[in-house]
Amino acid sequence: MKLLQKTNKIYLILSASAFLIGGLILYLVISVYLDSQLTERLNDTKQRIIARIKSSGSLWEDPPFVQIRVIETTEKGSDIVSDTLIYDASEKEILPFRQLKSDLTIGDKTYEFLIRDDLIEKSDILAVITIITGTALVVLLITLLIINRMLSRRIWKPFYSIISDLNRFSQDETEFIINSDTDIVEFQELISELNNITGKAIRDYQLLKRFTEDASHEIQTPLSVIQMKLESFIQDPDLKESQADLIKNALTSVHKLSRLTKSLLLLTKLDSRQFPYTTEVDLSKILASQIDMLRDPAKDKSVFIEERIDPGCLRTVNPYLAESLFLNLVSNAVMHSPDNETVIIELNSIQLMITNKGPAFSGDPLKLFERFYKADRASSSSGLGLSIVKKICDLYDFRINYEISDQIHKITIKL
Amino acid sequence: MKILIIEDEHTLAESVADYISEHGNICEMAFTFLEAEDKLVINEYDLILLDITLPGGNGLDLIPLIRKFNPRCGLIIISAKDSIDDKISGLDLGADDYVTKPFDLSELNSRMKSLSRRRFNDGSNEIVFNEIILKSESSEAIVNGINLDLTKKQYEILLYLMLNKNKVVTLESIAGHVWGDIAADEGRYDFIYSHIKNIRKKIEERKGRNYIHNIYGLGYKLCEE
């Protein structure tokens, strides 16, 4: 629920409750007041009649308001106040009245007075009061709502501005400051803390990025020297076969070391999210071209790659990472496939599936995604390929699953 | 061609200089930012190799200077950083290519040759070695006037060898250049052998001589011998 909705809801409920209770109390108070006024009037009338009788002896009747009759003394009872319905001749209809029945002995006669006052007035008054109060309530609530909305929006504006600023934040920016003019202390504190956090995040990121780049440089430069010296060496026209064999091994190792370093650095960069650049790429095309590159080396093992690729599978990712993902997956499948087998690669708009025959593996297939973990320790692979694959999948929330049964290895990636 | 190598690692600079110093190429070297600046202002070069991790300044800052004093020269950035940001900035600023260390000398050489052909279009887009003629526009290979009908991969291999003529090119280097880095990891290069075999056969069928020599299983060399 949005912030304004919640505050509005609470305001509304509380205001309405307050008004309703207030209205109820008003209604009750006025009702009681009117009643007591009515009773007072009935008693006043009674006193006037009594005074009349005592002074002039005449019985003044005014039906239906005043009715007097003589009764036997023995019938005398106490005062009773009740509500009745009486036909009013002047209004020509039956109306509700409050009636005071009072017995009084004056002189030698006992009179029964029935004094009445009509109740319509009371119910009319109450009706009007209810309408006025009700209308006032509605008007006040609406006004409250409008004022609340306007005020809330203004007051919370800095907060929303902070949120939209945060949405823009990305670690690889060089600088990021949240700016909001606000005199509200809590918001100022919030801004200050957030700027601290984002500042730190940016600094850490830059440090790590520089580190990985420097590490790369420090390692690759001497490797370059080794490789170049070896390459220069083999240009010697007097090169002997025995020398060539030695150099071949040395070159292979240098090459392997260099690839290993690059892979490790890639993993570090993936960890610290140094690939913010993304664009919409055609995965089908990238996969096809990676497979293309590996077809010939695969043929050496008589491994045939069967492609079942749906065209036009688009995703928004970093194109370099997409290439790396597919390259490592396909190369892994081909490398571990025994000779004379087929590797099946399927791609559709939902998922990528690679199936290949491979060595039996009794452990948890998920271990294969760990760095340097190799099912076959003697294999010449670096053991990092699948780690890279997993990290790239994690980065883009692609669910990856590795099943091994009966020596059939199947990797599924939900895109 | 006059070439300037801007690289702080001496041995590296010298290795590259040795390799590319063929007949007609003059190589100069600069080991620091300031040295490079001086040389750029005084001389004109046809091709510049720039290492962007230089002491005394960021190599990328040299690019505008290069473009100012040597607007037409080819510029290849070499770097150990493999940083995409640098790559993009470098190419944006006006570099023609970006190569990451460590690289094969033959790879670097082939890129330099391609770049110089593009830049200094000396009228022909042909690479010639005796009776073998490669036409880069149409990716055709012709021997004694007859088309070799090479596949795309075979053409790439032959082109790579021709650009690095008289040099031993390792199998790894060929695999890396034509098929990509990972293919060079596998360690098995039979597929290259079979391609070379086919290339040789096609040349022989057109009465050409075989110039492709296997050097002890290390790699191949295209030369007279």
Specify the angular offset, from 0 to 90 degrees and rounded to the nearest 10, of the alpha carbon long axis of helix A:319-336 from the longest principal axis of the alpha carbons in chain A.
60
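Quick one: compute the contact order of chain B, relative version, from alpha carbon pairs under 8 angstrom and 6+ residues apart, as a percent. Don't skip to the answer; put the middle values down first.
Numbers: 332 pairs, mean separation 28.8, N = 225.
RCO, chain B: 13 percent.
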How many times 2.2 N^0.38 Å is the alpha carbon radius of gyration of the stretch A:233-315?
1.66
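Report the convex hull volume per residue for the stretch B:39-173, counting only C-alpha atoms, in Å³. Could you put the intermediate results ahead of the total?
On the way: hull volume 18.8 nm³, N = 135.
Normalising the Cα hull of the stretch B:39-173 by residue number yields 139 Å³.
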Tell me, what does the Kirkwood hydrodynamic radius of the stretch A:274-335 come to in angstroms if you use every pair of distinct C-alpha atoms?
12.4
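What value in Å³ per residue do you get for the convex hull of the alpha-carbon atoms in the stretch B:128-225?
Values: hull volume 8.7 nm³, N = 98.
Taking only Cα atoms, the stretch B:128-225 has a hull volume of 89 Å³ per residue.
Order A:D83, A:D397, A:D282 by their accessible area, 1.4 angstrom probe, all chains in place, largest first. The partial results should precede the final answer.
Values: A:D83 90, A:D397 135, A:D282 40 Å².
Largest accessible area first, the residues go A:D397, A:D83, A:D282.
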Once ligands and nucleic acids are excluded and a 1.4 Å probe is used, how much of A:M335 is accessible, expressed in Å² to the nearest 10?
50
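Quote the Stokes-Einstein diffusion coefficient, in whole µm² s⁻¹, for the stretch B:1-67, based on the Kirkwood radius over alpha carbon pairs, a temperature of 20 °C and a viscosity of 1.002 mPa s. Intermediate results must be reported in sequence, preceding the final value.
Details: Rh = 11.8 Å.
Rounded to a whole number, D works out at 181 µm²/s.
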Mind checking which of A:L141, A:L368, A:L38 has the largest fluctuation in a GNM of chain A, springs on alpha carbons under 10 Å?
A:L38
In Å and whole numbers, how far do the C-alpha atoms of the protein assembly as shown stretch along each principal axis, longest first?
164, 66, 45
If you project the alpha carbons of chain B onto their three principal axes, what span does each projection cover, largest first, in Å?
56, 40, 30
Can you compute the helix-only [θ] at 222 nm over chain B? Use -39500 (n - 2.57) per DSSP H run of at least 4 residues, normalise by all residues, nearest 500 deg cm²/dmol.
-12500 deg cm²/dmol
Average beta-carbon neighbours from other chains, 10 Å sphere, peptide B:101-109
5
Under a point-charge model restricted to the Cβ atoms of Lys and Arg (+1) and Asp and Glu (-1), what is the dipole moment magnitude of the stretch A:176-301 relative to its Cα centre, in debye to the nearest 20?
660
With 0.36 nm assigned to each residue of separation and the Cα-Cα distance removed, A:I71 to A:L145 gains 20.1 nm
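For the stretch B:33-108, what is Rg from Cα atoms divided by 2.2 N^0.38 Å, rounded to two decimals? Show your work: numbers first, answer last.
On the way: Rg = 11.8 Å, N = 76, 2.2 N^0.38 = 11.4 Å.
In units of the 2.2 N^0.38 Å rule of thumb, it is 1.03.
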Return one number: the angle in degrees, 0 to 90 and rounded to the nearest 10, between the long axis of the Cα atoms of helix A:385-395 and the longest principal axis of the Cα atoms of chain A.
20
For the stretch A:38-159, average projected area of the Cα convex hull in nm²:
12.3
Who wins for biggest fluctuation among B:T32, B:T11, B:T151 in a Gaussian network model of chain B, springs between alpha carbons below 10 Å?
B:T11
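Ignoring ligands, DNA and RNA, what percent of the 1.4 Å accessible area of the protein assembly as shown is carbon and sulfur?
On the way: 18260 of 33300 Å².
Heavy-atom surface of the protein assembly as shown belonging to carbon and sulfur, 1.4 Å probe: 55 percent.
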Sorted by accessible area with a 1.4 angstrom probe, largest first, how do A:F65, A:F187 fall?
A:F65, A:F187
Honestly the stretch A:326-402 on the Cα gyration tensor test (a ≥ b ≥ c root eigenvalues; a/c under 1.5 rounded, otherwise a/b vs b/c for prolate or oblate) is just oblate
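What are the equivalent ellipsoid semi-axes of the stretch A:87-197, built from the alpha-carbon gyration tensor (square roots of five times its eigenvalues), in whole angstrom, biggest first? Walk me through the numbers on the way to the answer.
On the way: eigenvalues 1161, 51, 14 Å².
Ellipsoid semi-axes (Å, largest first): 76, 16, 8.
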Sorted by accessible surface (1.4 Å probe, heavy atoms of the protein chains only), largest first, B:T53, A:T198 come out as B:T53, A:T198
Ignoring ligands and nucleic acids, B:K2 exposes an accessible area, probe 1.4 Å, in Å² to the nearest 10, of 60
Taking chain B as the reference, fit the longest principal axis to its C-alpha atoms, fit the long axis of helix B:105-119 to the helix C-alpha atoms, and give the angle between the two in degrees, 0 to 90, nearest 10.
80
Count, lysine Cα pairs under 28 Å in the stretch A:101-257, 8 or more residues apart or across chains
11
In whole Å, largest first, what are the principal axis extents of the Cα atoms in the stretch A:191-273?
72, 16, 10
Of A:L42, A:L321, A:L151, which has the largest mean-square fluctuation in a 10 Å C-alpha GNM of chain A?
A:L42
SASA check, A:K109, accessible area w/ 1.4 Å probe, all protein chains in place, rounded to nearest 10 Å², comes out at 100
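Averaged over its residues, how many other protein chain Cβ atoms are within 10 Å of peptide B:204-216's Cβ atoms?
Details: counts 0, 0, 0, 0, 0, 0, 0, 0, 0, 0, 0, 5, 10.
Per-residue shielding by partner chains comes out at 1.
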CD proxy, 222 nm, chain A: helix-only mean residue ellipticity via -39,500 (n - 2.57) per DSSP H run with n ≥ 4, per residue, nearest 500, stands at -20000 deg cm²/dmol
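The values are calculated or read from the model by the stated rules, or taken from the named source; none is laboratory data. This structure is a prediction, so every number in the text was calculated from the model and none was measured. Here the Cβ is made from the backbone with ideal geometry for all residues, glycine too, and neighbour counts use every protein chain on show. Note: accessible area is taken over every heavy atom of the protein model, side chains too, but ligands, DNA and RNA are not part of it. Shrake-Rupley method; radii C 1.70, N 1.55, O 1.52, S 1.80 Å.
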